[in-house]
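Working notes, structure below.
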Amino acid sequence: MYDEQQRPDHGPLSGFTVGVTAARRADELGALLQRRGATVVHAPALRIVPLADDGELLAATKELIDAAPDVVVATTAIGFRGWVEAADGWGLGEALLARLRGVELLARGPKVKGAVRAQGLTEEWSPSSESMAEVLDRLLEEGVDGRRIAVQLHGEPLPGFVESLRAAGAEVVPVPVYRWMPPEDIGPVDRLLDAALTRGLDALTFTSAPAAASLLSRAEARGLRPELLAALHHDVLPACVGPVTALPLQAHGIDTVQPERFRLGPLVQLLCQELPGRARALPVAGYRVEIRGHAVLVDGALRPVPPAGMSLLRALARRPGWVVARAELLRALPGSGRDEHAVETAMARLRTALGSPKLIQTVVKRGYRLALDPAADSKYADV
């Protein structure tokens, strides 16, 4: 868990709760979110198989050393570095580098190119776009029939890439750097799922396609996948670091938001725009009231609100200015039973949390209403 004391009182993400599914760089992503005010719920949806223990990577490395490929495609900087470091640990580092010096080496983008050169190697070519589609186009234009091509993978699926090469006659040798496995402790993932289903999250972030697939798989195992998809369709914003990461969600009809640059910083900046843009803002009793996930901005001042109070406030905000009966508000309270006194208790706490009793009016013998400003009545009359 992240240190709650480091979260500022007010930032663009204050009042919002964001789920983090990342196994790698989760601390960095969580810190970026908290720095902007978010409450972070972290549950790694996967664990990474340690390279030193990965028999598949060892076998692929030996195979390439024994029988030279024609082409090696390096897809990620951390994956390429990890591959060479693992080979060093097995006593195969020099043999691997010697083999890579004698083949056509393609690097997907500037960061990978830097990792390749740091090992004393020189890439044959690298696209500035960081696009695997561009790498594929180059290979197919060169012709791959009968050629042996090694592709360094990094836990991410490369949809169509390997299949296209094989269809064009290539022999493809996958190099599985950083394979993903389900987490050993599934408890945090289940708690994250439950938070999404109860709308305790405002957004759910994904930094790898396997993490998205793993979360969907766990929801399916619990018989909750339809409920998770419904939450992601309507209430919980799914934010992915890039288009490949989004593929498992898109396969289930889920639209995601993605930054233009596929990095953690732009992903957080995107959330800073999207979540406040989705918040409901109303003119109430002379104040601007913005309803966020677990807090309210009253004229820009952040007011944390208990869950029961947020349930009442959302029920009132669905029909701003209209009287909402106590019985209806009681149904909005989670686990409240049949005693309408629970509404009065929760309403008193909500008013205290908001800091201005005038925002919510009591209508004797009828219920409560948001004190919508008169000039706004017509705008919200049919809400």
- Task: With the checklist (1) assigned to a helix (DSSP H, G or I); (2) touching a His at 6+ places or on another chain (Cβ under 9 Å) in hand, flag the one item L275 doesn't pass.
- Result: (2)
- Item | Selection within the range 200-227 - in contact with a His (Cβ under 9 Å, 6 or more places away or on another chain) and of a type outside the set (G, A, S) | D202, L216, R225
- Hey, T39 hits all of (1) open to solvent by 20 Å² or more (accessible area, probe 1.4 Å); (2) at pLDDT 90 or above; (3) closer than 30 Å to G146 by Cα but one; which does it fall short on? (3)
- Message: Could you go through the range 119-132 and let me know if any residue there is open to solvent by 60 Å² or more (accessible area, probe 1.4 Å), farther than 30 Å from T39 by Cβ, touching a Ser or Thr at 6+ places or on another chain (Cβ under 8 Å) and in contact (Cβ under 8 Å) with a residue 12 or more places away in the chain.
- Response: no
- Task: Return a yes/no flag: does the range 285-305 have any residue that is out of contact with any His (no Cβ under 6 Å at 6 or more places or on another chain) and under 14 Å from M347 (Cα atoms).
- Result: yes
- Looking only at the range 81-90, decide whether some residue is open to solvent by less than 20 Å² (accessible area, probe 1.4 Å) and outside any helix (DSSP H, G or I). no
- In the range 337-356, is there at least one residue being under 27 Å from L275 (Cα atoms), open to solvent by 70 Å² or more (accessible area, probe 1.4 Å) and at pLDDT 90 or above? yes
- Message: So in the range 257-268, with the set limited to residues that are in a helix (DSSP H, G or I), out of contact with any strand residue (DSSP E or B) (no Cβ under 7 Å at 6 or more places or on another chain) and in contact (Cβ under 8 Å) with a residue 60 or more places away in the chain, which one is least open to solvent (accessible area, probe 1.4 Å)?
- Response: V268
- Go through (1) closer than 20 Å to D202 by Cα; (2) touching a residue at least 12 places away in the same chain (Cβ under 8 Å) and name the single condition A230 misses. (2)
- Matching option when the condition is within 19 Å of T39 (Cα to Cα), within 29 Å of the chain's Cα centre (by Cα), of a type in the set (G, A, S) and open to solvent by 40 Å² or more (accessible area, probe 1.4 Å), among G277, G309, G293: G277
- Task: Can you confirm whether the range 44-59 contains a residue that is among the hydrophobic types (A, V, I, L, M, F, W, C), at pLDDT 95 or above, within 24 Å of L249 (Cα to Cα) and open to solvent by 40 Å² or more (accessible area, probe 1.4 Å)?
- Result: no
- Message: Please go through (1) open to solvent by 10 Å² or more (accessible area, probe 1.4 Å); (2) more than 33 Å from the chain's Cα centre (by Cα) for P110 and return the number of the only condition it doesn't satisfy.
- Response: (2)
- Segments classed as helices (runs of 4 or more DSSP H), wholly inside the range 143-256, with at least 1 members that are surrounded by 21 or more Cβ atoms within 10 Å (Cβ to Cβ), at negative phi and among the polar types (S, T, N, Q): 209-221, 243-250
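The values are calculated or read from the model by the stated rules, or taken from the named source; none is laboratory data. Everything quoted here is computed from the prediction, not taken from an experiment. Note that each Cβ is placed from the backbone with ideal geometry, even for glycine, and that neighbours are counted across all protein chains shown. Just so you know, the surface numbers come from the protein's heavy atoms only, side chains and all, with ligands and any DNA or RNA stripped out. Shrake-Rupley method; radii C 1.70, N 1.55, O 1.52, S 1.80 Å.
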